[in-house]
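**Q** Take this structure first; my questions come after.
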Amino acid sequence: MTIEDIQKLITGDEHRELELKKSTGELKEGMHSACAFLNTDGGWLVFGITPKSLKIVGEQVSDSTRREISEAVSGLEPAVVVCTEYIDIPCRPDFKIIAMQFDGWIHGKRPYTFHGCPYWRVESTTRVMPRDVFEERICESSPLQYAWENRTTSEIGIVNLNTNCIYNAVRGGIRGGRMPESALNEPEEAILARWELLKDGKLVNAAVALFAGESNPFPQLSLRLARFKGTTMEEFIDSKWERGNVFELLDIGIAFCFKHLNLNGRIKGLLREEQLEIPVEALREALVNALCHRRYDNPGESIGLAIYDDRVEISNPGHLPPGVTPENIKTLHASRPSNPKMAQVLYKATCIENWGSGIQRMIEACVKQGLPEPEYNVWADGTIVIIFRKTSISQGEQTGEQKTWQRIISLMQKNPSISRREMAKILSKSESAIYKHIVRLNQKGIIRHVGPDFGGHWEVNQ
């Protein structure tokens, strides 16, 4: 780097990626900014320039100066290798500018600290990183170590868990050959330890989510249930909000489906068999997946199960595993649950079958019963699986175009400000195709757009 490069660098005063100091007398403050650069988008720390006047003054550099800089850099954690440049000032032969460049995100989201304190950059200022941001970065950098399900809780003890749920899970594991019969005679503490649900004698959150009794400290352990009239969200037939542990919510969700979905009877031999219009195994798999893959760290979020005349939608505040998309989810893929500890217990209890095969079994069950394949939509704040009802076929044999129309209408109702581009991405179609469908829906008077093209909203008239 030359003096000309420095002059270009300091043009226009300090900014998000540039911190100027008059001398290494401000070395400590300079390291605060260095830490901030590491925690944001990187930047330059330059000594020997007055910040306000941008005057190049430089300073004399001795071996002691170099040692002080090296010792200051060693206060950054994790350790970082910094290339420090000493630039000569032509008009002051004995003085140099000291320039240090720091790259951002070297360790991904893992936050840097200087002498134990994290800093970050806000415009041209260096500030202490807020605690919630620091904790979020820590969790993102080591998800398995700091994941919600692995955190211990002091709010609830083993005595507050649902004993019946624990031993029912054990019985399921024994029936499925995934646990030894001797486990049924073990005390609760030993069973929880077997499932790695204890840490230093304390329950981890996964244990509470799976087996909480009435003393349930987590409001996010809940399920929103609704039966809507028709195919939109305009009118309720039934609506409730239930709290409970994972096993209880699974039973509650399936019971709600039995209440509001049709039972079809057939004679087999001398007996009459009752069959739900949507295969129970498909509904159960979708609900288990939602419980297993959702985010639990936000107490204000919950899973939703909505039944319409033509479909069932199960939504959860969680995203598909890395590498899995709505387009390839129907093919065999590795199972990477968001909550592996909980998933392991559900597997042992035989609520989950072979890893990575659940979606395929959902599809096979639906197709076998004459239903379309389930569909997945990904939103910014979660995932929705749509399972179509038998009634949606028998009542008029919907065409592919009509199904697309219904999905567009559903998207508009959930987000009246949604753009054509967003709809195209969610429905895996081109923008031009979405535009043609919208024109047809508008011509039929089913929808209309209110306001300007950018910033308006949709209204559904059905």
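The values are calculated or read from the model by the stated rules, or taken from the named source; none is laboratory data. Please read these numbers as outputs of a predicted model, since none were measured by experiment. So basically every Cβ, Gly included, is an ideal-geometry build from the backbone, and we count neighbours across all protein chains shown.
**Q** So, of the residues in the range 33-64 that are farther than 13 Å from Met100 by Cα and under 33 Å from the mean Cα position of the chain (by Cα), which turns out to be surrounded by the most Cβ atoms within 10 Å (Cβ to Cβ)?
**A** Of everything passing the filter in the range 33-64, Ala36 is surrounded by the most Cβ atoms within 10 Å (Cβ to Cβ).
**Q** Out of (1) among the charged types (D, E, K, R); (2) over 24 Å from the mean Cα position of the chain (by Cα); (3) more than 25 Å from Glu373 (Cβ to Cβ), the odd one out for Glu281 is which?
**A** Answer for Glu281: the failing condition is (3).
**Q** Keeping to the range 143-177, report how many residues are under 29 Å from the mean Cα position of the chain (by Cα), loosely packed, with under 13 Cβ neighbours inside 10 Å and hydroxyl-bearing (Ser, Thr, Tyr).
**A** So the count comes out to 1.
**Q** Same structure, new question: Have a look at Glu4, Glu71, Glu77 and point out the one that is loosely packed, with under 12 Cβ neighbours inside 10 Å and within 13 Å of Phe114 (Cα to Cα). Give the derivation first.
**A** Numbers: Glu4 fails: within 13 Å of Phe114 (Cα to Cα); Glu77 fails: loosely packed, with under 12 Cβ neighbours inside 10 Å.
Among Glu4, Glu71, Glu77, only Glu71 is loosely packed, with under 12 Cβ neighbours inside 10 Å and within 13 Å of Phe114 (Cα to Cα).
**Q** Considering only residues that are small (Gly, Ala, Ser) and under 23 Å from Glu234 (Cα atoms), look in the range 396-433 and name the one that is modelled with the lowest pLDDT. Let's see the steps before the verdict.
**A** Let us first name the residues in the range 396-433 that are small (Gly, Ala, Ser), namely 396, 400, 410, 417, 419, 424, 428, 430, 432-433.
Applying the additional criterion that residues be under 23 Å from Glu234 (Cα atoms) yields 396, 410, 417, 419.
Values: Gly396: 41, Ser410: 85, Ser417: 88, Ser419: 89.
Step by step, filter the range 396-433, then rank; the result is Gly396.
**Q** Please specify each residue of the range 45-92 satisfying the condition of being in contact (Cβ under 8 Å) with a residue 24 or more places away in the chain and among the small types (Gly, Ala, Ser).
**A** Correct list: Gly48, Gly58, Ala72, Gly75.
**Q** Now a separate question. Got a sec? Which strands (runs of 3 or more DSSP E) wholly within the range 203-270 have at least 2 residues that are under 26 Å from Asn298 (Cβ atoms)? Explain how you work it out, then say what you get.
**A** Working: elements: 222-228, 236-243, 263-268.
Passing ranges, in order: 222-228, 236-243.
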